[in-house]
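See below for the structure under consideration.
Since every read-out is calculated from the coordinates, none of them should be taken as a lab result. Because the structure is a prediction, the values reported are computed rather than measured. Cβ atoms come from the backbone with ideal geometry, glycine included; neighbour counts cover every protein chain shown.
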Amino acid sequence: MTTIKLVRPHLAAAALLVIGLTSLSACATTPDTSGAVRVDGDESSQPDESGEAVDVFSISLGDCLNTSALSDTTQVDSVPVVPCSEPHEDEVYYTFDSTDPEYPGEDALVSEAGETCIAEFADFVGIAYEESALDYWPMYPSEQSWEQGDREILCMVYDPSGEKVTGSLAGSAR
């Protein structure tokens, strides 16, 4: 079974999920990577009442998610995707592929994700990461999904206050 490991800052306080995406806290210029999520890879989806369950490999740029609805398990293979016009917690604002030829390890992927997600944050939100009330977290490949050819890293923006957002955060300058 292929799964993702999920740890989000607003989930970490409640459940300390260890899933593989890195949640980065908006405490200054150095993000907190305790909320990371790593993709581990099964392509089956299970319905979720907070949105349509979508396989982790089907998440795309512009998708809006409700990841706090996930239980405090350590592995999941799908995430609830909702229309951005409905209340949601996360929005995919940038995607890219890791350029490492070999699996670089979790720390290296977290670092690569952090650099790129912060660099792309202002283009999406409309103000620099360091000035924003919003935060981000990346989803990145696990060693298992890397072996299956997964190289994609997703950058997610969210409101660390825990408030759900309705509509896109693009250009919000928050």
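For the range 77-89, which positions are under 13 Å from SER60 (Cβ atoms) and either crowded, with 23+ Cβ neighbours inside 10 Å or out of contact with any strand residue (DSSP E or B) (no Cβ under 7 Å at 6 or more places or on another chain) (or both)?
VAL79, VAL81
Hey, which of the strands (runs of 3 or more DSSP E) in the range 53-157, taking only ones fully inside, have at least 1 residues that are closer than 23 Å to LEU169 by Cα, within 11 Å of the chain's Cα centre (by Cα) and of a type in the set (Ser, Thr, Tyr)?
Strands (runs of 3 or more DSSP E) meeting the threshold: 90-97, 135-141.
Right, ASP159: touching a strand residue (DSSP E or B) at 6+ places or on another chain (Cβ under 7 Å), within 17 Å of VAL54 (Cβ to Cβ) and acidic (Asp, Glu) or not?
So ASP159 fails the test.
Taking the condition buried (at least 18 other Cβ atoms within 10 Å of the Cβ), farther than 25 Å from GLU52 by Cβ and small (Gly, Ala, Ser), does ALA113 pass? Before you say what the answer is, go through the steps one by one.
Values: buried (at least 18 other Cβ atoms within 10 Å of the Cβ): yes; farther than 25 Å from GLU52 by Cβ: yes; small (Gly, Ala, Ser): yes.
Yes; evaluated as a whole, the condition is true for this residue.
Here are some residues: GLU130, GLU152. Which one is farther than 30 Å from PRO101 by Cα and either in contact (Cβ under 8 Å) with a residue 24 or more places away in the chain or among the charged types (D, E, K, R) (or both)?
So the residue among GLU130, GLU152 that is farther than 30 Å from PRO101 by Cα and either in contact (Cβ under 8 Å) with a residue 24 or more places away in the chain or among the charged types (D, E, K, R) (or both) is GLU130.
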